[in-house]
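Take a look at the structure set out below.
The values are calculated or read from the model by the stated rules, or taken from the named source; none is laboratory data. Computed from a predicted structure; not experimentally measured. As a convention, Cβ positions derive from the backbone with ideal geometry for all residues, glycine included, and neighbour counts pool all protein chains shown. The protein model used for the area step is the full one, side chains on, heavy atoms only, and it has no ligands, DNA or RNA in it. Shrake-Rupley method; radii C 1.70, N 1.55, O 1.52, S 1.80 Å.
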Amino acid sequence: MAELIDGRAVAAEVVEKVTAQAAGLVAAGTTPGLAVVLVGEDPASQVYVASKSKKAKECGFHSVQHTLPAETSQDELLALIASLNADPAIHGILVQLPLPGHLDERTTIAAIDPAKDVDGLHDVSIGRLTSGQLGRTFVPCTPKGCMVLIGRVHPEGIAGLNALVVGRSNLVGRPVAALLQHANATVTVAHSRTRDLPGLCRHADILVAAIGRPEFIKGDWVKPGATVIDVGINRIPAPEKGEGKTRLVGDVAFEEARAVAGAITPVPGGVGPMTIAMLMANTLTSACRAAGREPPVF
Ligand code: GUN
């Protein structure tokens, strides 16, 4: 039976470290500042943004939230970003995605000063990540959280291990593959056109599932002893809990995989809590850089 990787506990440790470091920065005259921008009324985004702003306050940061109406124009959004870029009290800017359909995501993210791109989604950040300049960029929060969890299972490192990333999104699949490669794993990226996905999975010492399809990866695809990181958060009907009830599941058939894997993240309580913790870590890193201090390693 696999070891359960407790993302809530690891995230709490990260946040504790951020809070302690932030107190030191504040005492030295720099309060880390995070601005979170939400456009429109997507209910899931409202929940995410509120928890990011709240966690920033808990860390002792200067935390501001800008909630703009769904009909905000591209120029209005760019003007807000320009004012946040120019504000010395703000070290991190996060524009919650997805944006309403009339707004262009790439244009919007490109307007953020890369020095404040704590989401790691700017083209400059992506370029620095894929060229291995990790000390000069911000690593996207969910991929960074995945790596911290993998590091807990493999404190000796993952050099030479076979890593399979299922999914090639800009938010998770692509950056996590770059990070695994940077850590000297042998990395394969699988996607919807991949042939014989079960066969590929069976070779993976580290399996990262980020496809957004509920319980898609089956237990008998998992290599015995593998480390399984499930990034999926899928809501499915749960009639056993009562009419109209739902529950969250990952991209991996958890109970089956747990019987085979060496270590596995649950959903919820695995990768999810790490995303916000790593956003706090990135904001602290940005404030350290602005203050001319060496940022801590997370
Ligand atoms: N929407 C879902 N995940 C994310 C994320 O990590 N960053 C942003 N900006 N939007 C998201």
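Is it the case that segment 56-79 has a residue that's exposed (fewer than 14 other Cβ atoms within 10 Å of the Cβ), modelled with pLDDT under 95 and under 28 Å from residue 270 (Cα atoms)? No. The residues listed here are 25, 78; of these, the one that is more than 14 Å from the ligand (Cβ to nearest atom) and in contact (Cβ under 8 Å) with a residue 60 or more places away in the chain is 25.
Would you confirm, using the coordinates I've provided, whether residue 215 is in contact (Cβ under 8 Å) with a residue 24 or more places away in the chain, in a loop (DSSP other than H, G, I, E, B) and more than 16 Å from the ligand (Cβ to nearest atom)? Here the answer is yes, as residue 215 does meet what is asked.
Annotation note: of 167, 160, 132, the sole residue that is touching a strand residue (DSSP E or B) at 6+ places or on another chain (Cβ under 8 Å), touching a residue at least 12 places away in the same chain (Cβ under 8 Å) and over 19 Å from residue 211 (Cα atoms) is 160. Scanning segment 106-126 for residues that are closer than 20 Å to residue 83 by Cβ, without any contact (Cβ under 8 Å) to a residue 60 or more places away in the chain and within 13 Å of the ligand (Cβ to nearest atom) yields 108, 109, 112, 117, 121, 122. Restricting to segment 120-134, name every residue that is open to solvent by 30 Å² or more (accessible area, probe 1.4 Å) and either touching a Pro at 6+ places or on another chain (Cβ under 9 Å) or within 18 Å of residue 94 (Cα to Cα) (or both). Hits for segment 120-134 are 123, 124, 126, 128, 130.
Out of (1) touching a Lys or Arg at 6+ places or on another chain (Cβ under 8 Å); (2) away from the ligand (no atom under 16 Å from the Cβ); (3) over 30 Å from residue 264 (Cα atoms); (4) of a type outside the set (Gly, Ala, Ser), the odd one out for residue 31 is which? The single condition residue 31 does not satisfy is (1).
Among the residues making up segment 85-105, a single one is more than 14 Å from the ligand (Cβ to nearest atom) and surrounded by 23 or more Cβ atoms within 10 Å (Cβ to Cβ): 91. Does residue 281 fit the bill of being under 21 Å from the mean Cα position of the chain (by Cα) and either more than 24 Å from residue 12 (Cβ to Cβ) or at pLDDT 95 or above (or both)? So residue 281 fits the description; yes.
Reported count of residues in segment 237-255, each being surrounded by fewer than 17 Cβ atoms within 10 Å (Cβ to Cβ) and either under 22 Å from residue 169 (Cα atoms) or not aliphatic (A, V, I, L, M) (or both), is 12. Summed over segment 170-196, the residues that are open to solvent by 90 Å² or more (accessible area, probe 1.4 Å) and within 18 Å of residue 127 (Cα to Cα) give a count of 4.
Of all the residues in segment 135-168, those that are open to solvent by 50 Å² or more (accessible area, probe 1.4 Å) and either touching a helix residue (DSSP H, G or I) at 6+ places or on another chain (Cβ under 8 Å) or within 16 Å of the ligand (Cβ to nearest atom) (or both) number 3. Looking across segment 169-192, just one residue is of a type in the set (Ser, Thr, Tyr) and within 16 Å of the ligand (Cβ to nearest atom), and that is 169.
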